[in-house]
Amino acid sequence: MGTVLLRFGELFLKSEAVKKVYMRMLRQNIDLALTAAGAEHDIEVRRDRILVHGPDVDGIAGVVSRTFGIVDVAVCTRTGTTIPEMGAAALERARRHLRAGMSFAVRAKREGVEGYTSPEIGAEVGSVIYDAIPGLRVDLSHPDYEVFVEARPYGGLVYDERIPAPRGLPFGTQDRVLTLLSAGIDSPVASWLMMRRGCTVTHLSLDAGRWQGEAVRDAVIRHHAVLSTWCMGRPLDLVVADMEPFFDAMTASGEYHYRCILCKRFMARMADAVARKEGALAVVTGDNLGQVASQTLVNLGVIEAAATLPVLRPLLTYEKAEAIDLARMIGTFDDDAGDLACRAVPKKPATKADVTKIEAAEEKIGVDDLVAAAMETLRRVRAKNGKIVGEEEGA
């Protein structure tokens, strides 16, 4: 049996009562994820650390490093709290990486253990390594290799690699939001960012039928399935509604330059209605300020006015490159996504929509009736652990 060390950060800022609730949820999420992955495990929660024990430490580390609320993860050696015990474990790890001419550093921490200080741990463990491996240099600023040694009341913990985790708050500690999920880059990232803040999520996809690219449906489903791998052990629902009749009415109306605004306001209305049905308290979009014509401040205000719930835009200030980097890390980016085009986009979309003209155009096409009709087409797609596990009509 080995041990994986999990560090958490922001949870320390909470009151003891809130922290207790969050830690309970975090432990539950870890247990669900590891059980879903088929990893044998035992979870030990301490005030400042979480330890997960099991036979497949690398497998455990891979799963828990995708757990919201965790800062980083390390496969470690658990020892007694004497310096010779911790030094022996550190030397065993160092031998795998160090050779003559390389530099190293020992990073030591002590809490709740008497008899020595953190600098003394670092100095003595460093001496053990230095004496055993010829030709080494100590470099505390930019070493070639680092080994971490922690002395805690429940034992010594020795490790030499920290695997980054997503940080944030434990999934499920905040209320539900509804994310407008598209085939593009931004909306899956926006959904993930809300999940990282502890929100449970329902996705909504508005199917434009012949007005959308041939690869759109498959891309949306893939995004939905990938995002479910970030809440392993829990179902993630996607609600799909037919939007083709709206496109038919909008394009027939002749309101060419306002198409994008009319479309986004229809989406806002649908998201608002579905969110209330799902018990969500806010609508989430992948909007990015100034990225496209519909995302000017004027147009964002006109679009948001169509919803009654708060509209959250976690990507509002991100550069496109930052969103792409996140999408690659999350797993939703596709270098060859295929045909994701919208067939109704005008060549010169309006950047400063006149809300009076927009409302007149909506009245002309009967937007309320179109929303009501679209609400009758709802169907649900459920993902779990990266796979689609169910579909049903009349969601």
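The values are calculated or read from the model by the stated rules, or taken from the named source; none is laboratory data. Bear in mind that the values here come from a model prediction, so they are computed numbers and not experimental data. Backbone-built Cβ (ideal geometry, glycine too); neighbour counts: all protein chains shown. Side chains are part of the model used for accessible areas, which takes the heavy atoms of the whole protein and leaves out ligands, DNA and RNA. Shrake-Rupley method; radii C 1.70, N 1.55, O 1.52, S 1.80 Å.
Taking the Cβ of G338 as the center, what net charge do the other residues with Cβ under 13 Å away carry, scoring Lys and Arg +1 and Asp and Glu -1?
Cβ neighbours under 13 Å give a net charge of -4.
Where both partners of a DSSP beta bridge lie in the chain, what percent of those bridges are antiparallel, to the nearest 5?
Bridges in the chain are about 60 percent antiparallel.
Kindly work out what percent of the DSSP beta bridges joining two residues of region 60-187 are antiparallel, to the nearest 5.
Here the share of antiparallel DSSP bridges comes out near 55 percent.
Evaluate the charge dipole of region 1-112 about its Cα centre and quote only its size in Debye, nearest 20, assuming +1 on the Cβ of each Lys and Arg and -1 on the Cβ of each Asp and Glu.
420
With the alpha-carbon atoms as the only input, what is the per residue convex hull volume for region 82-204 in Å³?
Cα-based convex hull of region 82-204, divided per residue, equals 151 Å³.
What fraction of the Cα pairs in region 1-99, stated in percent, has a spacing above 24 angstrom?
Counting pairs separated by more than 24 Å, the tail of P(r) holds 29 percent.
Taking the Cα centre of region 25-170 as the origin and placing charges on Cβ (Lys, Arg +1; Asp, Glu -1), which of V113, P134, V45 is farthest toward the positive end of the dipole?
V45
Rounded to whole Å, give me the distance from the Cα center of region 304-378 to that of region 1-57.
Taking the Cα centre of region 1-57 as reference, the centre of region 304-378 is 38 Å away.
Rounded to whole Å and sorted largest first, list the principal axis extents of the Cα atoms in region 224-289.
On the principal axes, region 224-289 reaches 48, 27, 22 Å in Cα extent.
Could you please tell me the mean projected area of the C-alpha convex hull for region 135-242, averaged over all directions and given in square nanometres to one decimal?
11.8
Could you tell me which of Q295, P346, L315 has its Cα farthest along the dipole of region 234-390 towards the positive end, charges placed at Cβ (Lys, Arg +1; Asp, Glu -1), taken about the Cα centre?
Of Q295, P346, L315, it is L315.
On alpha-carbon atoms, Rg over Rh for the chain using Kirkwood Rh?
1.10
Spelling out what I want: for every residue of region 163-173, take phi, set θ = phi - 60°, compute 6.51 cos²θ - 1.76 cosθ + 1.60 (Karplus), and round to whole Hz; glycine and proline get x.
Here the 3J(HN,Hα) series is 8, x, 10, x, 6, x, 10, x, 4, x, 7 Hz.
Treating the beta-carbon of each Lys and Arg as +1 and of each Asp and Glu as -1, no other charges, what is the dipole magnitude of region 207-319 about its Cα centre, to the nearest 20 debye?
The dipole magnitude comes to about 200 debye.
Tabulate in residue order the Karplus-calculated ³J(HN,Hα) for region 8-16, using 6.51 cos²θ - 1.76 cosθ + 1.60 with θ = phi - 60°, rounded to whole Hz; enter x for Gly and Pro.
Computed from phi, the couplings for region 8-16 are 10, x, 4, 4, 5, 7, 7, 5, 4 Hz.
If amide hydrogens are placed 1.01 Å from N in the peptide plane, which non-local residues have theirs closer than 5 Å to the one on Q212?
Long-range HN contacts for Q212: R343.
In region 140-215, carbon and sulfur make up what percent of the accessible area (probe 1.4 Å)?
46
Based on the alpha carbons, how large is the Rg to Rh ratio for region 102-149 when Rh follows Kirkwood?
Details: Rg = 11.2 Å, Rh = 11.1 Å.
So for region 102-149, dividing Rg by the Kirkwood Rh gives 1.00.
When Rg is the radius of gyration of the Cα atoms in region 336-395 and Rh is its Kirkwood radius, what does Rg/Rh come to?
Radius of gyration relative to Kirkwood radius: 1.13.
Amide H to amide H, which residues 5 or more places from S182 or on other chains are under 5 Å from it, using H placed in the peptide plane?
Here the answer is S187, since their amide H atoms fall under 5 Å of that of S182.
At 1.4 Å probe radius, can you tell me the per residue accessible area of the chain in Å²?
That works out to 45 Å² for each residue.
What is the sum of charges, Lys and Arg at +1 and Asp and Glu at -1, for the other residues whose Cβ falls under 10 Å from the Cβ of E304?
Values: positive: K264, R265, R313; negative: D287.
Taking every other residue near E304 into account, the sum is +2.
With only Lys, Arg, Asp and Glu charged, each at its Cβ (+1 for the first two, -1 for the last two), find how big the charge dipole of the chain is about the Cα centre; round to the nearest 20 debye.
500
What is the sum of charges around A350, taking Lys and Arg as +1, Asp and Glu as -1, for the other residues whose C-beta is under 10 Å from the C-beta of A350?
Cβ neighbours under 10 Å give a net charge of +2.
Under the Karplus relation 6.51 cos²θ - 1.76 cosθ + 1.60, θ = phi - 60°, what is the ordered set of whole-Hz ³J(HN,Hα) values for region 131-137, x standing for Gly and Pro?
These are the phi-based 3J(HN,Hα) values: 6, 8, 10, x, x, 8, 10 Hz.
Could you list which residues have their amide H under 5 Å from that of V138, counting only those 5 or more apart in sequence or on another chain, with H placed in the peptide plane?
The list, which skips near neighbours in sequence, is F104.
Output the peptides 228-238, 42-52, 60-70, 294-304 sorted from most to least packed, where packing is the average of other Cβ atoms within 10 Å over each peptide's residues.
Details: 228-238: 20.6, 42-52: 15.7, 60-70: 22.7, 294-304: 18.5.
The packing order, highest mean first, is 60-70, 228-238, 294-304, 42-52.
Filter the GluC sites (Glu not before Pro) in region 366-395 to those in DSSP coil with at most 14 other Cβ atoms within 10 Å of their Cβ, and list the result.
Counting only loop positions with at most 14 other Cβ atoms within 10 Å, the GluC sites (Glu not before Pro) in region 366-395 are E376.
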